[in-house]
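Values quoted throughout were computed directly from the atomic coordinates according to the rules given, and no laboratory measurement underlies them. Everything numeric in this text was worked out from a predicted model, so none of it was measured. Quick reminder, even Gly has a Cβ in these numbers, built from the backbone with ideal geometry, and neighbours come from all protein chains shown.
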C-alpha cells in the first residue's frame, strides 16, 4: 500500500487541474487557482501552487469584520520634534 502511494505522486499532481475545475463547477462562489511552474518548459508541466477559498469562509469574514480607521504615527527627531500622524 505504501509503495503504491509513493509511486502515484506524479499522477496525483497531474489531476490537480481536474480537481480545481470540478470544484469550480460544483461549488459556485469558490475561488480556485491552480498554477503550474512556468520556468519549466515541458510537455508535462510541474505543479507550482494551489489556492482554494471557500465561499462560506469569505462571507463569514466579510460579515464579521468591523469598520476600522487606522492611524499610524511616527516620532520625529532632529530640529522639528514631535509626532507626525
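Between residue 81 and residue 51, the FRET efficiency estimated from the beta carbon spacing at R0 = 35 angstrom works out to 0.15. Go ahead and run the numbers for FRET between residue 38 and residue 8, Cβ-Cβ distance against an R0 of 25 Å, rounding to 0.05. With a Förster radius of 25 Å, E is 0.50. Using C-alpha pairs under 8 Å with a sequence gap of at least 6, the mean separation divided by the residue count of the chain gives a relative contact order of 17 percent.
Averaged across orientations, what area in nm² does the convex hull of the alpha carbons in the stretch 2-84 project?
That works out to 12.4 nm², a quarter of the Cα hull's surface.
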